[in-house]
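Note sheet for the following structure.
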Amino acid sequence: MDCRVLSVQSHVVRGYVGNKSASFPLQVLGFEVDTINSVQFSNHTGYEHWKGQVLTADELHVLYEGIKLNNVNQYDYVLTVCDPVLGDNGAMYVPENLLPIYRDKVVPAADIITPNQFEAELLTGRNICSEKDAVDVMNLLHSMGPSTVVITSSDLPSLMGDQFLVALGSQKRARADGTILTQQIRMDIPKVDAVFVGTGDLFAAMLLAWTHLHPNDLKTACEKTASVLHHVIKRTITYAKEVVGPNRKPSPAQLELRMVQSKADIEDPAVVLNAVVL
């Protein structure tokens, strides 16, 4: 496979977030990855202290121009975590006046988006109170441009109990005769009693990889993506508990994703989380 990805994300010297969280797993799966670091920090902001720089739009443009001048800017995919990162738990991470830019400029340019429920609701102006609402919202998001939409987490009740959260996905593709096929899925994912940084970046990268490798099978792509996350998180929790000892809370450093140690699971994940086709 000769597939090239330009990953434009944040970067940290220590730990796994942004480009550090996305590049290694994509490379393990055979993708050539070029990275542009939109932010360069000493570590992620879950730590007490951090230092670093935020690149301006002009500085980012200069970097891309250098690639373009050498005629090496042919990419199959551009990965950004404008996925879209707008907010969660009812609160926005970004100024409210950026919402129209995400909705009217960023989302229509994307093939794949991975909003959480709050972000999907913001983008469509529709509330999600049921599975039918979620399907309607995903269809609205399709109408804005993306062919693949995955709502990575929702407040919908899981049939497996309150220790699980519900994710939903939808993919539209055109057949040779011009007709449109739609596959929509639901997944029940175990909740984890810990805070991790970089899991969203890893999810976006793995969804890109597995939808490329299974272009007509969103169910399998989502199962492998979620299973990679499950294995990485499980290994990280096990390590953190061993290091910190009983009845003590792990530090941000101890909860850095065990990415390199999970290489085999990234390459060939045992599917432990199953999707249901709606």
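The values are calculated or read from the model by the stated rules, or taken from the named source; none is laboratory data. Everything numeric here is computed off the predicted structure, so don't read it as measured data. Using ideal geometry, Cβ is built from the backbone for each residue, glycine included, and neighbour counts are taken over all protein chains shown.
Below, the figures for the structure above:
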read-out: Selection status of Lys224, over 19 Å from the mean Cα position of the chain (by Cα) and either at pLDDT below 95 or surrounded by 20 or more Cβ atoms within 10 Å (Cβ to Cβ) (or both); value: no
read-out: Residue check, Pro252 of a type outside the set (S, T, N, Q), surrounded by 12 or more Cβ atoms within 10 Å (Cβ to Cβ), over 18 Å from the mean Cα position of the chain (by Cα) and more than 24 Å from Leu6 (Cβ to Cβ); value: yes
read-out: Top-ranked residue in the range 154-172 [being within 21 Å of the chain's Cα centre (by Cα) and not aliphatic (A, V, I, L, M); ranked as surrounded by the fewest Cβ atoms within 10 Å (Cβ to Cβ)]; value: Asp155
read-out: Flag if Tyr64 is surrounded by 13 or more Cβ atoms within 10 Å (Cβ to Cβ), in contact (Cβ under 8 Å) with a residue 12 or more places away in the chain and part of a loop (DSSP other than H, G, I, E, B); value: no
read-out: The range 238-268, residues that are in contact (Cβ under 8 Å) with a residue 40 or more places away in the chain, farther than 28 Å from Glu223 by Cα and not hydrophobic (A, V, I, L, M, F, W, C); value: Pro250
read-out: Pairs, first assigned to a strand (DSSP E or B) in the range 5-19, second aromatic (Phe, Trp, Tyr) and modelled with pLDDT of 95 or more, C-beta under 6 Å, six or more apart; value: Val5/Phe31; Val5/Tyr77; Leu6/Tyr75
read-out: The lone exception for Ile128 - which of (1) of a type in the set (A, V, I, L, M); (2) touching a helix residue (DSSP H, G or I) at 6+ places or on another chain (Cβ under 6 Å); (3) outside any loop (DSSP other than H, G, I, E, B) it fails; value: (3)
